Amino acid sequence: MNIIIKSGIAVLAVAGTTLPTMAEDIYFTLINSASRSLQYFYVAPVNDRYWSHDLLGSDQTLAPGYQSTVIIADGSTACLYDFKMIMTGGTEIVVSNINICDLNSYTLY
């Protein structure tokens with residue numbers, strides 16, 4: 001089962017980050033190889049103090065062993081993003097400086 005995640009988050013380009021030639025939608029596969037379900041998934045360009053809305057969507061989770069296509073369609077030219085994931089049980093994971101412009105997939109362990 002795949003859950004398609006779409007986002008229209010508004011973000012600002014961050015000076016000093018790697019930039020694609022022009023703003024474009026970014027697609028990658030999010031794989032949950034952890035033992036718990038992913039309840040919330042947020043993104044933000046590095047150095048941005050504000051997280052996006054939950055990209056999994058209302059009442060959606062990503063169960064262990066499942067994957068989903070993530071689309072970041074925010075019009076930004078920033079490539080470096082931080083990810084914030086909250087698992088079932090409340091465990092919070094923050095991963096910094098992910099280059100989404102070169103990202104084909106991201107696996108959560």
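Laid out as a table, the results:
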{"item": "Inter-probe distance in nm under a simple model that places probes 7 Å from Cα toward Cβ, at Ile93 and Tyr50", "result": "2.7"}
{"item": "Length added when fully stretched, Ile71-Asp59, from 0.36 nm per residue minus Cα-Cα", "result": "2.5 nm"}
{"item": "Environment charge of Thr61, counting only residues whose C-beta is closer than 13 Å and scoring Lys/Arg +1, Asp/Glu -1", "result": "-1"}
{"item": "Residues Asp54, Asp74, Asp25 arranged by fewest to most Cβ contacts within 10 Å", "result": "Asp25, Asp54, Asp74"}
{"item": "Relative contact order of region 35-109, defined on C-alpha pairs under 8 angstrom at six or more residues apart (%)", "result": "35"}
{"item": "Residue order, fewest to most beta carbons within 10 Å, for Arg36, Arg49", "result": "Arg49, Arg36"}
{"item": "Residue order, fewest to most surrounding Cβ atoms within 10 angstrom, among Phe83, Phe28, Phe41", "result": "Phe28, Phe83, Phe41"}
{"item": "Neighbourhood charge, 15 Å Cβ-Cβ cut-off, centred on Gln39 and excluding it, Lys, Arg +1 and Asp, Glu -1", "result": "-1"}
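Here, each number is a calculation from the coordinates, and none is a lab measurement. Worth saying up front: this structure is predicted, and the values here are computed from it rather than measured. Virtual Cβ from ideal backbone geometry, glycine too; neighbours counted across all protein chains shown.
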